[in-house]
Structures are given as structure tokens and as C-alpha cells.
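The values are calculated or read from the model by the stated rules, or taken from the named source; none is laboratory data. All figures in this text were calculated on a predicted structure; none of them were measured in a lab. Cβ: placed from backbone, ideal geometry, glycine included. Neighbour counts: every protein chain shown. All accessible areas refer to the heavy atoms of the entire protein, side chains included, with ligands and DNA or RNA removed. Shrake-Rupley method; radii C 1.70, N 1.55, O 1.52, S 1.80 Å.
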Amino acid sequence: MEQKSLFEDNKNQPLASRLRPRDLDEFVGQQHLVGEGKILRRLIENDNISSIIFWGNPGIGKTTLARIIANKTNSDFIDFSAVTSGIKEIKTVMAEAENNRKLGHKTIVFVDEIHRFNKAQQDAFLPYVEKGSIILIGATTENPSFEINSALLSRCKVFVFKPLEVDDLVTLLKRALTDERGFGKEDIEIDDAFLPIIAKFANGDARTALLTLEMVILNGDVDKKGKITITKETLEQCISKKSLLYDKNGEEHYNIISALHKSMRNSDPDAAVYWLARMLEAGEDPIYIARRVTRFASEDIGLADPHALEIAVAAYHACHFIGMPECSVHLTQAVVYMSMAPKSNAMEVAYMMARADAKEHIAEPVPLQIRNAPTKLMKELNYGKGYKYAHDYEEKMTSMQCLPDALKDREYYIPTEQGLESKYKAKLQQIKEWKRTH
């Protein structure tokens with residue numbers, strides 16, 4: 001926990017810390033929130049902040065905006081770390097905040113990475129937020145719907161931060177080169193064309209952009225007069241590997257597996273392979289992807305191409321046997337096959353319809369003719385009476401009723417005309433017609 005120590009001047013701080021905007025005029029990006037006339041800007045300028053949650057990717061201004069609020073507000077401002085603060089520290093500060101409230105003073109508590117607090121720690125804030133003892137500002141990279149207690153979340157307004165645009169990042173980089181807090185006092189020669197390259201590499205993250213610029217300058221060529229020249233070779237060395245936006249445990253994990261699934265469903269092999277690569281290169285477990293592809297083979301293809309399930313299961317076993325990076329080609333084969341295969345969701349629809357009836361008719365008795373009758377008593381109760389063994393008949397089927405009476409006319413499997421399923425549809429129509437006439 002830190003208190004009232006947000007603006008300490010430290011020349012040894014990283015460039016991103018030295019250049020942290022001091023007011024809304026220096027703040028770059030998030031114009032949908034802090035642009036002229038926008039609600040959050042008005043709340044800040046009027047010192048009328050209520051409990052809020054800032055949600056967005058790292059390096060896009062959540063903590064910076066909280067610190068601008070600290071500079072603008074007439075409240076006591078307390079900075080909590082979700083990593084180092086426990087319930088004891090929370091309660092101590094909350095008691096102090098309650099005393100301040102009774103004296104007419106407001107207290108704003110900023111919690112960075114609030115998703116790292118467990119339920120008990122989050123609950124410790126709740127009564128003080130309810131009473132108005134504190135104004136809570138939480139910052140999180142995770143979806144608040146999943147990571148913040150619903151009771152606490154319902155008392156906070158959520159503001160969604162967007163990744164910074166390339167132009168926003170170029171503006172920041174130019175400021176870093178001219179501002180005395182950055183490299184304004186240095187003699188630096190850098191091609192303007194390099195800045196958009198750094199900005200694109202940063203992928204919407206201001207911290208990454210400034211860190212990369214700092215690394216490029218520190219590795220630049222220095223002449224006898226101290227002039228620093230940035231060459232293309234230096235730039236390429238510093239951005240040789242790009243970090244991928246992917247959190248195996250967070251929302252982006254579900255977003256990207258959803259993108260893979262929907263790309264295959266939409267018969268788009270190029271998009272499917274791209275999302276596959278995004279996951280694998282970010283370190284996703286190939287077995288997890290293989291399981292999802294196996295599900296897809298029946299959920300979205302089914303009998304339109306029964307071979308799809310074989311391909312998916314084979315890819316799963318290949319991933320299990322040889323792992324990454326070799327199994328990437330097996331998964332590529334699988335997702336391309338799924339993308340190109342004819343599509344049918346008849347299996348999914350059939351099960352969902354049957355499930356709904358199973359839940360509604362949970363006590364519906366099994367027809368006597370298809371009950372098991374292993375004992376004399378069961379036979380005396382007519383268990384199995386009237387059962388017709390299909391193999392004893394020339395057509396290898398009978399007109400015997402197998403559904404409960406209340407559901408005897410239900411149809412769950414409704415074949416499509418896609419791929420091989422058109423043949424199954426014709427076959428099923430023949431079966432049903434035969435049963436109707438017998």
C-alpha cells in the first residue's frame with residue numbers, strides 16, 4: 001500500500017513512468033471517455049467521481065488516469081496494490097476513511113489489478129463503498145463480470161478502455177523525443193518512419209511503445225559528440241519478437257477460441273489457421289485446442305461428413321504423442337478440414353431438443369416392452385413383454401414404440417441436405433415411412 005506518493009520525481013525511472021501524463025490535456029487516447037464533453041472527463045473536472053472500474057488491456061492509461069484523478073481531486077487519495085495488500089491493511093485504511101467521512105473529507109482508494117484480490121478481500125471494501133466512506137477506483141485487465149464480486153460490481157460504474165491507435169502511440173513517441181522528461185535534452189537522429197513501426201509493434205500498449213523506444217535509443221550508435229543515431233538494423237534487433245495479446249486464463253483466451261470455432265463454422269480456413277497460430281504461438285496447450293476441434297467435428301459437421309470426427313480425434317492423439325512445435329501441422333490439417341467440410345448442426349439440435357424434453361418429462365416411465373427383465377418378478381410385471389428383436393425380422397427393424405407415450409411422436413434428429421447427411425435424410429424418411437405403414 002502506498003499513500004500520497006504518486007508523483008515522486010525519480011530520474012532513474014523507466015521512460016514510461018517519467019513521461020506519465022500529468023493532466024487530461026497530456027493524456028492520449030480514450031477519447032470516448034475523456035474527450036471534450038464526455039462523461040468521465042466532466043466527472044473528473046467537476047471533482048464528482050463515484051466508485052468506478054477501469055477495464056482494459058495493459059498499458060493503455062488506466063493507472064495514469066487514476067493518478068490524474070488523484071491530482072485533480074480534493075480527496076485523500078490512497079494507492080493499494082492488490083499483490084501486497086491483505087485484509088488487515090484494507091480494514092486499517094477503511095477505518096481511517098470512515099473517520100475522514102465523519103469529518104467531511106472524501107477518500108479515494110485506487111486498487112490496481114483489483115482482479116487479484118480474492119473474494120474476502122473484495123468483500124472488505126463493500127460496506128465502506130455502500131456507506132460512502134470511500135470512493136473506489138479499480139483497474140483490471142480481466143473481465144469484471146467474472147473477476148469482481150457481483151455485489152461490489154453493482155455499486156461501480158465500469159469504463160471500458162480501448163487499445164491505443166497507432167497515431168496515439170506515435171504522438172507519445174514524438175513527445176518522448178522532445179520532452180525534457182524523456183530525451184528532449186539528447187541529440188537523437190531517428191527516421192520519422194521508424195515511429196509508426198514501433199507503434200505497430202506495441203499493439204496498442206503505450207508502455208511497450210515507450211519501453212521499445214528507450215531500448216532502441218540506448219542501443220543506438222553514438223558518435224564522439226554524443227549524437228545518437230538510430231539505424232534500421234538497431235530497430236529490427238529491438239523488435240525481433242512481438243508479444244501476442246493472449247492470456248491463457250483470461251477473457252482473451254475465450255475470445256480467440258471463439259474466433260477459431262466461428263471461423264471454422266463459417267468455412268474460412270485462412271482465418272481458422274490464423275487464430276490457431278495466435279493461440280499456439282502464445283503458448284496455449286495444443287491438447288486444449290484439439291479437444292475443442294473434436295467437439296466442433298460433431299457439433300457443426302456431424303453426419304454431413306462423419307470423417308471429420310476421425311480427423312479431429314487423430315489430431316488429438318498426434319498432439320498427445322509429439323506435442324509442440326511438431327503437432328502444429330496436425331492441428332492445422334484438422335482446422336482446415338473442419339473449415340472445408342460440409343456443415344450441419346443436426347447433432348447439436350437433436351441433443352438440445354431431447355435434453356429439454358428429458359428435463360420436462362424427467363419422471364416419464366420407460367415403455368414396458370423395452371425394459372430389462374433379469375428377474376422372475378420383473379417378468380411377472382410384464383417387463384420386456386412385447387419386445388421385438390430387430391435382427392429376427394427381414395427388414396432388421398420393427399414398428400415397436402421406444403419413446404414414452406407422452407413423447408411418442410417427437411422428432412429430434414432432423415437431417416440437413418449437407419454432404420453425406422442428405423443420404424441419411426433419405427434413409428431416415430424411408431425408415432419412418434415403413435414404420436408408419438406397419
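Residue under question is residue 17, and the condition is that it be in a helix (DSSP H, G or I), out of contact with any strand residue (DSSP E or B) (no Cβ under 7 Å at 6 or more places or on another chain) and at pLDDT below 85; does it hold?
On the way: in a helix (DSSP H, G or I): yes; out of contact with any strand residue (DSSP E or B) (no Cβ under 7 Å at 6 or more places or on another chain): yes; at pLDDT below 85: yes.
Yes, satisfied.
For residue 111, the conditions (1) under 33 Å from the mean Cα position of the chain (by Cα); (2) over 19 Å from residue 40 (Cβ atoms) are fulfilled apart from (2). Scanning region 50-81 for residues that are at pLDDT 85 or above, assigned to a loop (DSSP other than H, G, I, E, B), under 25 Å from residue 151 (Cβ atoms) and open to solvent by less than 40 Å² (accessible area, probe 1.4 Å) returns 51, 56. Beta carbons closer than 8 Å, at least 6 apart along the sequence or on distinct chains, pair a first residue in region 52-78 that is free of Cβ contacts under 8 Å to residues at least 60 places away in the same chain with a second that is assigned to a strand (DSSP E or B) and surrounded by 23 or more Cβ atoms within 10 Å (Cβ to Cβ) for 65/54. Somewhere in region 423-436, is a residue touching a Lys or Arg at 6+ places or on another chain (Cβ under 8 Å) and not aliphatic (A, V, I, L, M)? No: zero hits.
Taking residues in region 150-173 that are in contact (Cβ under 8 Å) with a residue 40 or more places away in the chain, and partners anywhere that are open to solvent by 70 Å² or more (accessible area, probe 1.4 Å) and part of a loop (DSSP other than H, G, I, E, B), the pairs with Cβ atoms closer than 9 Å and at least 6 places apart or on different chains are 163/203. Assessment of region 213-221 against the conditions (surrounded by fewer than 22 Cβ atoms within 10 Å (Cβ to Cβ), within 25 Å of residue 30 (Cβ to Cβ) and modelled with pLDDT under 90) yields at least one matching residue. Selection of region 329-348 for residues being open to solvent by 40 Å² or more (accessible area, probe 1.4 Å) and among the polar types (S, T, N, Q) yields 332, 333, 345. Would you check if there is a residue in region 298-306 being open to solvent by less than 60 Å² (accessible area, probe 1.4 Å) and among the β-branched types (Val, Ile, Thr)? Yes: one or more hits. A count restricted to region 307-325 and to residues that are out of contact with any helix residue (DSSP H, G or I) (no Cβ under 6 Å at 6 or more places or on another chain) and open to solvent by less than 30 Å² (accessible area, probe 1.4 Å) stands at 1.
May I ask you to list the residues in region 195-208 that are assigned to a helix (DSSP H, G or I) and either in contact (Cβ under 8 Å) with a residue 60 or more places away in the chain or surrounded by fewer than 21 Cβ atoms within 10 Å (Cβ to Cβ) (or both)? Working first, answer last.
Narrowing region 195-208 to residues assigned to a helix (DSSP H, G or I): 195-202, 206-208.
Scanning region 195-208 gives 196, 197, 200, 201, 202, 206, 207, 208.
Tally time: how many residues in region 301-340 are in contact with a Phe, Trp or Tyr (Cβ under 8 Å, 6 or more places away or on another chain) and of a type in the set (Gly, Ala, Ser)? The total comes to 2. Of the helices (runs of 4 or more DSSP H) lying entirely inside region 308-406, those containing at least 1 residues that are aliphatic (A, V, I, L, M) and touching a residue at least 12 places away in the same chain (Cβ under 8 Å) are 328-340, 346-360.
Applying a threshold of 8 Å to beta carbon distances and a minimum spacing of six or more residues, or different chains, the list of pairs starting in region 411-438 at a residue that is crowded, with 16+ Cβ neighbours inside 10 Å and ending at one that is aliphatic (A, V, I, L, M) and in a loop (DSSP other than H, G, I, E, B) reads 419/341.
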